[in-house]
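Visitor: Can you keep this structure in mind? I'll have questions shortly.
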Amino acid sequence: MITREHCAALDAADTLAHCRARFDLPADTIYLDGNSLGAMPANVPARIEQALKQEWAHGLIRSWNDADWYPAPQRTGNKIATLIGAGQDEVIVADSTSVNLFKVLVAGTRMRPGRNVILAERTNFPTDVYIASSVAEMTGCELRCVDPDDIVAAIDDTVAIVSLTHVNYKTGKRYDMEAVTRQAHEAGALIVWDLCHSAGAMPVSLNRCDADFAVGCGYKYLNGGPGAPAFVFVASRHIEAVRQPLTGWHGHSKPFEFTHDYAPHPGIDRMLTGTAPQLGVIALESALEAFDGVDLDVLRDKSVALGNLFIELTDQELKGLGCTLASPRDAEQRGSQVSLGHAQGYAIMQALIARNVIGDFRAPDILRFGFAPLYVRYVDIWDTIAELKDIIATGAWNTEEFKARKSVT
Ligand SMILES: Cc1ncc(COP(=O)(O)O)c(C=O)c1O
C-alpha cells in the first residue's frame with residue numbers, strides 16, 4: 001500500500017529535487033502539463049529584460065553583432081545537441097516543428113530518387129501527417145500511413161523516408177529508435193524522428209542510433225516558452241546532400257553578400273530560412289540552463305519512477321471509477337507521460353484544473369499527465385490521484401461549466 005509519506009520520502013531522497021527551484025512555479029499548483037508547455041525557468045525574465053531594455057532599446061541593430069544575436073540559433077542548437085545525442089553543428093534552432101518537418105521530408109525524398117513512398121504512422125500527431133501529405137502531393141510521392149505496430153513490416157524498397165514521432169503524443173508509447181532506424185536503413189530508406197515528446201525528458205541518442213534527421217519543439221520539456229522556436233537535426237554525413245525547399249537568405253552561404261543566386265551554406269545553417277525570432281531564441285537559450293549539470297540518465301530514472309508511481313496509484317486508488325490505462329505499463333515502452341482513458345475525460349480534467357492540478361485532454365477521451373522530472377515531485381503524483389479520485393467518486397466534474405469545451409483543451 002503506497003502512502004503520501006512514502007511519496008514524501010521519495011522526494012527527500014531525490015537527487016534532482018534542487019532543480020525545482022530553477023523554475024518559477026506557483027506554490028499552490030501541481031503542474032503535469034510540461035509535455036505541452038514547459039514551466040518557466042526562473043532565469044528567463046531577467047535575460048529577456050536585458051534583451052529588451054539594453055540590447056534592443058540601446059544597442060538597436062548593433063546587437064545582431066555586439067550582443068551576439070546572429071549566432072544564437074547555432075549556439076542554442078549546439079546546447080540542444082547535448083540533450084539529444086547529436087554532435088556540434090548538427091542541430092540548429094529555426095521556425096516551428098511543422099516547418100522543419102516539411103524541410104527534412106522534402107530533402108529526404110530528394111535524396112532517394114526512384115523511391116516514391118513517404119511512410120508515416122496513422123496515430124502520429126496530426127501536424128506530422130498533414131505536412132507529410134502535403135510533401136507527398138508536391139513531390140509526386142505516395143503517403144502511406146499504417147498503424148504503429150505495422151511500421152517495421154511496411155518499410156520496403158519503395159520507401160524513401162520514414163516519418164515517426166519517438167514518443168506518441170496521446171499514449172506516451174515510445175519507439176525503439178535504434179531498432180526502427182536500423183530497419184529503415186536495411187531497406188535503403190531514410191528516417192526522421194520527431195522528438196517533441198522526448199527532448200529534455202530523457203536521453204536521446206540520435207547518432208548512436210544512426211538517425212538521419214530529427215525535429216522537435218522548444219516549448220515542451222525544453223521550457224522555451226509559448227511558441228518557442230523549434231530545432232532541426234541533420235546527421236553530418238548528409239549535410240552536403242541536403243537540399244531543403246525553403247531557400248531563404250539565412251540558409252545562404254553568404255547572406256550579407258546579397259547575391260542573386262542561391263548557394264546553400266555548407267553546414268547546418270542551410271536549414272535556416274529567414275530571420276530568427278530573436279526574443280524567442282534568447283528565451284529558449286537561457287531556459288536550457290535549467291539542464292546545467294543534470295545527468296540525463298538520472299533524469300530518465302526519475303521520469304520512469306514518476307510514471308510507475310502514477311500507474312501504481314491508479315491501480316490502488318481509482319479502481320471501479322471508469323479509468324483505463326492508455327499508456328504502456330512497461331516503462332521501457334513509455335515516454336514521460338501517463339494517459340488515462342475516461343468517458344468523461346474532458347469535464348474531469350477541467351474539474352482538476354479548477355483545483356490547480358494541471359494536465360490536459362486529448363479527444364476523444366484521454367486525460368494526459370506529463371512528468372517533467374526537473375520540477376515534478378512524487379507528492380504531486382499522490383495529490384493528483386487523490387483529487388482525481390475525489391472528483392470522479394463525488395461526481396464533482398458533472399457541471400455545465402466543466403463540460404463546456406474551450407478552444408485549447
Ligand atoms: C509530436 C508533435 N509534433 C509536432 C507538434 C507541434 O508542432 P508545431 O511546433 O509546429 O506546432 C506537436 C505539438 O504538440 C507534437 O506533439
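The values are calculated or read from the model by the stated rules, or taken from the named source; none is laboratory data. Only a predicted model underlies this, so the values are computations on that prediction, with no experimental measurement involved. Cβ coordinates were reconstructed from backbone atoms using ideal geometry, including for glycine residues, and neighbour counts include every protein chain displayed. In case anyone asks, the SASA skips ligands and DNA or RNA and just uses the protein heavy atoms, side chains included. Shrake-Rupley method; radii C 1.70, N 1.55, O 1.52, S 1.80 Å.
Visitor: What pairs come up if the first residue lies in segment 201-213 and is assigned to a loop (DSSP other than H, G, I, E, B), the second is among the β-branched types (Val, Ile, Thr), and their beta carbons are under 6 Å apart, counting only those six or more places apart or on different chains?
Guide: 204/84; 206/84; 209/181; 210/181; 211/181; 212/191
Visitor: Something else: Looking only at segment 194-227, which residues are over 22 Å from residue 304 (Cβ atoms), open to solvent by 10 Å² or more (accessible area, probe 1.4 Å) and away from the ligand (no atom under 16 Å from the Cβ)?
Guide: Hits for segment 194-227 are 207, 210.
Visitor: So, restricting to helices (runs of 4 or more DSSP H) that lie completely within segment 322-409, which ones have at least 1 residues that are surrounded by fewer than 23 Cβ atoms within 10 Å (Cβ to Cβ) and either modelled with pLDDT under 95 or of a type in the set (Asp, Glu) (or both)?
Guide: 378-394, 400-403
Visitor: Turning to a different aspect of this structure: Of the conditions (1) of a type outside the set (Lys, Arg); (2) part of a loop (DSSP other than H, G, I, E, B); (3) at negative phi, residue 293 satisfies every one except a single condition; which number is it?
Guide: With (1) of a type outside the set (Lys, Arg); (2) part of a loop (DSSP other than H, G, I, E, B); (3) at negative phi applied to residue 293, the lone miss is (3).
Visitor: Right, something else. Looking only at segment 241-284, count every residue that is acidic (Asp, Glu) and open to solvent by less than 30 Å² (accessible area, probe 1.4 Å) and tell me the total.
Guide: Step one: filter segment 241-284 for residues acidic (Asp, Glu), giving 257, 261, 269.
Filter again for open to solvent by less than 30 Å² (accessible area, probe 1.4 Å), leaving 269.
Matching residues across segment 241-284 total 1.
Visitor: Mind listing just one residue for me: the one in segment 143-160 that is within 16 Å of the ligand (Cβ to nearest atom) and hydrophobic (A, V, I, L, M, F, W, C) and, of those, surrounded by the fewest Cβ atoms within 10 Å (Cβ to Cβ)?
Guide: Taking the candidates together, the pick is 145.
Visitor: If you scan segment 103-130, which residues turn out to be within 13 Å of the ligand (Cβ to nearest atom) and surrounded by fewer than 22 Cβ atoms within 10 Å (Cβ to Cβ)?
Guide: 123, 124, 125, 126, 127, 129, 130
Visitor: While we're looking at this one, here's another question. If I filter segment 161-193 down to residues being open to solvent by less than 30 Å² (accessible area, probe 1.4 Å) and of a type in the set (S, T, N, Q), which single residue comes out as nearest to the ligand (Cβ to nearest atom)?
Guide: In this case the residue turns out to be 165.
Visitor: Restricting attention to segment 99-156, report how many residues are among the small types (Gly, Ala, Ser) and touching a residue at least 60 places away in the same chain (Cβ under 8 Å).
Guide: Final tally of qualifying residues: 2.
Visitor: Which residue out of 110, 122, 115 is in the same structural domain as residue 284 (by TED's automatic domain parsing) and more than 21 Å from residue 150 (Cβ to Cβ)?
Guide: 110
Visitor: Going residue by residue through segment 229-249, is there one that turns out to be in contact with a His (Cβ under 8 Å, 6 or more places away or on another chain), more than 16 Å from the ligand (Cβ to nearest atom) and either among the hydrophobic types (A, V, I, L, M, F, W, C) or in a loop (DSSP other than H, G, I, E, B) (or both)? Give the derivation first.
Guide: Applying the first criterion (in contact with a His (Cβ under 8 Å, 6 or more places away or on another chain)) to segment 229-249 yields none.
Looking through segment 229-249, none of the residues is in contact with a His (Cβ under 8 Å, 6 or more places away or on another chain), more than 16 Å from the ligand (Cβ to nearest atom) and either among the hydrophobic types (A, V, I, L, M, F, W, C) or in a loop (DSSP other than H, G, I, E, B) (or both).
Visitor: Looking at 303, 286, which one is under 16 Å from residue 370 (Cβ atoms) and touching a strand residue (DSSP E or B) at 6+ places or on another chain (Cβ under 9 Å)?
Guide: None of the others qualify; the one that does is 303.
Visitor: If you check residue 309 against the conditions, is it in a helix (DSSP H, G or I) and either open to solvent by less than 30 Å² (accessible area, probe 1.4 Å) or without any contact (Cβ under 8 Å) to a residue 40 or more places away in the chain (or both)?
Guide: Answer is yes for this residue.
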